[in-house]
1. Amide H of residue 452 versus every other amide H placed in the peptide plane: which residues, excluding those fewer than 5 positions away on the same chain, fall under 5 Å?
2. Hey, got the dipole for the chain? About the Cα centre, +1 on K and R Cβ, -1 on D and E Cβ, debye to the nearest 20?
3. Rounded to the nearest 20 debye, what is the charge dipole size of the stretch 328-494 about its Cα centre when +1 sits on each Lys and Arg Cβ and -1 on each Asp and Glu Cβ?
4. Can you list the trypsin sites (Lys or Arg not before Pro) in the stretch 41-108 that are in a DSSP coil and have 13 or fewer other beta carbons within 10 angstrom?
5. At most 14 other Cβ atoms within 10 Å and a DSSP loop assignment: could you name the chymotrypsin sites (Phe, Trp or Tyr not before Pro) in the stretch 470-524 that fit?
6. Name the shape class, rounded, prolate or oblate, that the alpha-carbon gyration tensor gives for the stretch 328-494, where a ≥ b ≥ c are the square roots of its eigenvalues, rounded holds for a/c under 1.5, and otherwise prolate holds if a/b is larger than b/c and oblate otherwise.
7. Set the bar at 18 Å for Cα to Cα. Now go through 17/293; 296/318; 90/315 and name every pair that lies beyond it.
8. Among the DSSP beta bridges whose two residues both lie in the stretch 504-624, what percent are antiparallel, rounded to the nearest 5?
Amino acid sequence: MSSSGHLPEDASTVLAKVNWPQDLKRLSHEELKQLAEELRSEIVRVCSLGGGHLASSLGAVELVVALHYLYDSAKDRLVWDVGHQAYAHKLLTGRKHLIDTIRKPGGLAGFTSTSESEHDALTVGHASTSLAAALGMALARDARQDDYEVVAIIGDGALTGGMALAALNQIGHVKPKMTIVLNDNEMSISENVGALNRYMRTLQVQRWFQEAEESGKRALSGLWKPLGELASRAKDATRHFFDPASANPFHAMGVRYVGPVDGHDINQLIYYLKHIRELEGPTLLHIVTTKGKGYKIAESDPIYWHGPPKFDVAKPVKSGKGYSWSNAFGDAAIELARADDRVWVITPAMREGSGLVEYSQQHPKRYLDVGIAEDVAVTTAAGLALRGEKPIVAIYSTFLQRGYDQVIHDVCLENLNVIFAIDRAGLVGGDGATHQGVFDIGYLRPIPNISLAMPKDTQELRAMLKAALALGGPKAVRWPRGAVAPVPEAAVADWPEITWGSWEMLKPGRDAYVLALGPTLAYALEATQDLPNVGVVNARFIKPLDEAMLLKLAGRARALITVEDHAAVGGLGSAVAETLQDHGLKVPLRRLGIPDRFVPHGDPVIQHEALGLGPSGIRQALIELGVAPVLQAS
Ligand code: HTL
Ligand code: MG
């Protein structure tokens, strides 16, 4: 592939002639192949500008072309799971001219989104939802006797999620007419895991399908269609008898299985998809693809190139990402597991993102990647804890939403020793609305037994993890996405101590106090640096909060402000308001946080300012409360 990339305005390309799916239906096979290559170059070019889900999108290019060749995506429903592999789909559905804005503030979303285009069937970002959503769409279609096709496209990683498997179970029971494309590249973000994944490696094209092909492709279309339910059942049974490969779990769940086929051969894809479209009931087409296909460096390291930051197309190299909160946690976990052989770390498919690569090598026997199954991560931790182990569930704030009932019912109800290491708390940047970690305080705070903390730096993170392990019970520690200063390696015994539930006065004050959390502490210090009368408190424990300190400050201050990179509903501010109310204190309180709406992708620092929880928002609140002077125009 050329390294320069095709620019959409280059009129000699096939892509230049294709703006909408109907344009591509007129293309010859050669042109379709050419189009796929041009889409690849375009995806590489776009991701090089600002980062993005490169390898997944490259692997799905032929599939996207084949689907748009056959289906009418304005009417038929193409349901992409996760939606991160759909760059080519966006390029072919009227969004070519906007593609450079993808994941940027105000630009296209990185995932599919129904509010962005009628060609996007589902708003998504979290994995494993496509099958249930497609089932619902197929049922709605049949209830209204409408005439459109429903196609779910799910990766092998997303298929490890319980939601996907449970939906398959229902699909095989209800048997609506739908196509499921399983895009199997043997990769989640890191190597895919699980027994089903291993089993899929043993599948071979079924003999009956090959025979049908050999005896003339036309035979295939007649395979099930005119036979009626009884005949087709008999046929299924014969097939099962003669072909052990067809005794596969998809068949067992009532879903016809076809495959595996080469997912980079457009002709084959069109051929199979077209025939499957003729069939009644649900059919799964298993396609095998290469993650990063066509871009050598991405093929050879699909983990890094799953979602790289911007890079140079001519000289693509990995960029050092710097030391992050995730690294600080990973390093801490290594020490904790070294100091105590009952410590485990469980990740739901986020080894790299959670900073656990080195941990997984150093403590392989006490490391568990359960796949994209947050519910399983939490309840497995409960099981371990019930037998005396000390599991840490390393999980993103946004994905813990998938394990909520498990937190309440399996961990907190029995007050088990489980630590939730919550990464990506707060606004997350390019991934946007689906991935914002702004609800965890709100959803964890009401649960009895759990307590919740947020450190300001690496030492405090260590102190909190150490204390959490020593104290036992369900403990959640949350931190944001991004950089943090590293501190020297040290054994756990030498880590600092912290009194659980204690706040820290960072800057003394008199008239008012800003109670801030994590990254917003820097905003509070900036907003108040010239105001000796306004103090800043590191409100590092959200539950239990430092009631003694809060009541003392509330008793003498003229005003309090809380600041958090979290939904204002249910967050630290709510906790403070409830405590003040419970003690009959009427001190004026401003709660700065994410307002009651979904926040799209963008630069978190700019978004904090725009949403009023940055330095100028804090300053404004102080002025309105009468504890900072009104700014004089200079
Ligand atoms: N947990 C949940 C519920 N949703 C998501 N999206 C993640 C974790 C994080 N995640 C992705 S993409 C991805 C994960 C684990 C791997 C998906 O693997 P799959 O697709 O095989 O389905 P592939 O990349 O094409 O191989 C994102 O957050 C984008
Ligand atoms: Mg995959």
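The values are calculated or read from the model by the stated rules, or taken from the named source; none is laboratory data. Every value quoted in this text rests on a predicted model; they were computed, and no experiment measured them. In this analysis, Cβ positions are derived from the backbone assuming ideal geometry, glycine residues included, and neighbour counts consider all displayed protein chains. Accessible surface areas use protein heavy atoms only, side chains included; no ligands, DNA or RNA. Shrake-Rupley method; radii C 1.70, N 1.55, O 1.52, S 1.80 Å.
1. Hits under the 5 Å cutoff: 476, 542, 543.
2. Numbers: 64 positive and 72 negative charges, 78 e Å.
So the magnitude is around 380 debye.
3. Charge dipole of the stretch 328-494: 180 debye, to the nearest 20.
4. In loop regions of the stretch 41-108 (DSSP not H, G, I, E or B), the sparsely surrounded trypsin sites (Lys or Arg not before Pro) are 75.
5. none
6. rounded
7. Values: 17/293 24 Å; 296/318 13 Å; 90/315 26 Å.
Those over the limit are 17/293; 90/315.
8. Within the stretch 504-624, antiparallel bridges account for around 15 percent of the total.
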